[in-house]
Amino acid sequence: MSNRLVKCYGTCEQKHYQSEMQKISGKNYCPQCYLVRAKEQQDREDLTNLIKELYNIPYPTGYMLKQIKQFTEERGYKYQGIAATLRYVFEIKRAARPEQRFGLSIVPHYYDEAREYYANLTKKRNETVIEKPQIKVLKMQAPVYQNNYREKKLINMEELLK
Ligand SMILES: [Zn+2]
């Protein structure tokens, strides 16, 4: 165990004990930054695999890699967001076909729309989860239906008297 302080390569920009650090590609990361960086690397790998699958190519082209770099660095896009947008355009909305020569140029045109789509989807899923217990409660209150039935009968009777 070393008690030497070393600088974290992550976003915290703090010094930590070397014994606490974990390495990615030879760089030191504190536990918190390590999780962030590891997730980012996983997301990048997932995006790479998705591109290979969608475009049917052995590896993203140099143009695509350049676009990914540009999207994340200049536009602040997340790897996960780019992947979600590609799925949205090609698999859900089917607004275009994956064509290698266009690279990932379609992503900025649909990034926000895809984000909204997935946000609504999550919202709907959450609402469904909340609705379930309410259905159970209704089933348990069987007498309520009886009352409604009686009420309906009364209304019908009144109509007959008119
Ligand atoms: Zn850190």
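Where a number appears in this text, it was derived from the coordinates with a stated rule and is not lab data. Everything quoted here is computed from the prediction, not taken from an experiment.
Structure notes:
- Translational diffusion coefficient (Stokes-Einstein; Kirkwood radius from C-alpha pairs) of the stretch 1-108 at 4 °C, 1.567 mPa s, in µm²/s: 83 µm²/s
- Cα-based radius of gyration for the stretch 5-50, normalised by 2.2 N^0.38 Å, reads 1.23.
- Partners of Lys124 within straight-line reach, counting aspartates and glutamates whose Cα lies under 19 Å from its Cα and excluding those fewer than 8 residues away in the same chain: Asp112, Glu113, Glu116.
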